[in-house]
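What follows is a single structure, written as structure tokens, with notes after it.
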Amino acid sequence: MSFFETINEKFFNPFCCKNRALYFECISQLIEKSKEISVLYETDARNTLILYLQNCAYSIETENIGEEIAGGKTSQENASTILRYFRACGWITPQEIGRSGDNIASVSAHCRKLIDAIHKIFDRDVNGAITNHIFSMYEILKFSLSKDNARSIRPYHNILVPLVENECDLKNELLILKDSIQEIMRAVMKMADANSFGQFLMKDELLNRFFNDYFFIKKSGLIPSYISEIDRMMGKLRRSELYDRMLQEYMRIENTDKIHAREKIDRLFNELDSFINLEYQQEMSYIDRKINNYYNLYSTRMMMVLSENTNLEHELNRILLFLKNLNEDNRAEAISKLSEAHRLMSIRYIGRKSFERRKKRNPNENNVGLVLEELSTEEKQRLTDELLLETPDRYSMDNVEKHFDEIMKGRERISVEECGVHTRDDATMIAASMIYSGTTGFPYEVEFRDGMVETEAARISDINIKRKKL
């Protein structure tokens, strides 16, 4: 008998109506409610729908579903109409009086399976799904190989078919993971400001939908052992007597000979073996590569956003090459200007508040607590010293001098290789020495040589740093 001959002819009608999203949410609410109580009566179902309709933000469109449903009607009227419509379509079982005297409003089995399948396909929530499929395959095989187990009675339907279904579901979850990475990377590429990055990080898509499963698989040492154990038990299953029982069961169900049954069973086993030993590792390796690409892309985009699309390393290299080509007098003047700009940006004397146009003060208002005396010179100096100490310049001339005093103990000259540029701070100290070179009061000067030097932290011009001759 055809599937369409066994169900109500109006079974799929709610998905073709104007309010199809509303009907889908209503039946989902009834399914969730039925899980909490032993019997779902019509009163409970109606109260559940009334509560949902009162709180939902969905705008109900007017349509005729045997009766009229509209946004102008009360929630009680619409809930009763929807219940009668669900019963007419076969989503709710026919009227049957329960022990309480009220009609039973249980959701039909076909409707439950349909709604569950839709949630499974479109919810895109894979949290725990991958590991659940792996654990299910492991438990099926482990129980099947135990003594006197119930699955061995019908091994084809109770062992092989569930294994294949879990394998297919696991493939789908891996595909969803790959699609999630691509969606994240596309979203990152479109972001042009730091605020967008912050909002994106706060959403669930990075943490719950993707990284929970991914990092659990990577950090837990159990998953690889489960995979290898599944492979071992599958080989044992094919060599056991259960394999012959599967052949006999398949021959009986499909009414075929032993040759065709063996071909079918072997193809299923070969597909399982190929996925466990080859495809799973390939998919996870692909995801690993995409994760690395995502982090690199995210880091680059974040740096571009924060630096307003300016490559600071490239700009610094241009400045150093420009200084190299200047004569001594012009170079000293340029370094002096750069030094002043560096101090200005570090201490931040000038900010947006300095040139904002303030509202004109009303001279007629009485100002309370206005200090008429001017600050003394000593008080100004004290406040200035406090300000400078609260915002110390990490790469000030004094700090750079102390840094090279430590490196060049008893030496008159040192090269970039000998400085040991291991971190970004070391590279910045080298750059600061170039800026302060030639400045009055700085005891070191920089001598440029041809070429560049590759260090652990950065690519730097080949220079010598030497003490000034007094």
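The values are calculated or read from the model by the stated rules, or taken from the named source; none is laboratory data. Quick caveat: nothing in here was measured; it's all calculated off a predicted structure. Cβ coordinates were reconstructed from backbone atoms using ideal geometry, including for glycine residues, and neighbour counts include every protein chain displayed. Side chains included, ligands, DNA and RNA excluded: accessible areas come from the protein's heavy atoms. Shrake-Rupley method; radii C 1.70, N 1.55, O 1.52, S 1.80 Å.
Per-peptide packing, taken as the mean over residues of other Cβ atoms within 10 Å, places 81-93, 223-235 in the sequence 81-93, 223-235 from highest down.
Which whole-angstrom value gives the distance between the alpha carbon centres of region 261-294 and region 52-91? Region 261-294 and region 52-91 have Cα centres separated by 47 Å. Across region 156-176, the residues whose backbone nitrogen lies under 18 Å from the label position 7 Å along the beta-carbon direction of Lys120 are 157-176.
Across the accessible surface of region 1-90, with the other protein chains kept in place and a 1.4 Å probe, carbon and sulfur atoms take up 48 percent. The protection proxy used here, the mean number of other Cβ atoms lying within 10 Å of each residue, ranks peptides 105-117, 431-443 as follows, highest first: 431-443, 105-117. Just the number, please: carbon plus sulfur as a percent of the accessible area of region 397-470, 1.4 Å probe, no ligands or DNA/RNA counted. Here carbon and sulfur together make up 46 percent of the probe-accessible area.
Annotation: per residue accessible area for region 397-470 equals 56 Å², rounded to a whole number [probe 1.4 Å, protein chains only]. Placing R0 at 22 angstrom, the Cβ-Cβ distance between Glu229 and Asp288 gives a FRET efficiency of 0.50 after rounding to 0.05.
Going by the alpha-carbon gyration tensor, a ≥ b ≥ c the square roots of its eigenvalues, is region 239-291 rounded (a/c under 1.5) or, if a/c is not under 1.5, prolate (a/b greater than b/c) versus oblate? Prolate, since a/c reaches 1.5 and a/b exceeds b/c.
Taking every protein chain into account, the accessible area of region 1-101 amounts to 59 square angstrom per residue (probe 1.4 Å). For Glu406 and Asn172, a Förster radius of 51 Å and the Cβ-Cβ distance give a FRET efficiency of 0.25, rounded to the nearest 0.05. From the square roots a ≥ b ≥ c of the eigenvalues of the alpha-carbon gyration tensor of region 412-470, which class results: rounded (a/c under 1.5), prolate (a/b over b/c), or oblate? Judged from the Cα gyration tensor, region 412-470 comes out prolate (a/c at least 1.5, a/b above b/c). Working note: Karplus 6.51/-1.76/1.60 with θ = phi - 60° gives region 74-89 the couplings 6, 5, 5, 5, 5, 5, 5, 5, 5, 4, 5, 5, 4, 5, 5, 8 Hz, where Gly and Pro are set to x.
Pairs with C-alpha atoms separated by more than 25 Å, drawn from the list Lys171/Lys290; Lys264/Lys290; Lys236/Lys258; Lys178/Lys236; Lys324/Lys466, are Lys264/Lys290; Lys178/Lys236. Less than 5 angstrom separates the built amide H of Tyr444 from those of Lys468, all sequence-distant by 5 or more or on a different chain. Packing, as the average of other Cβ atoms within 10 Å across residues, places the peptides 315-326, 159-170 in the order 159-170, 315-326, highest first.
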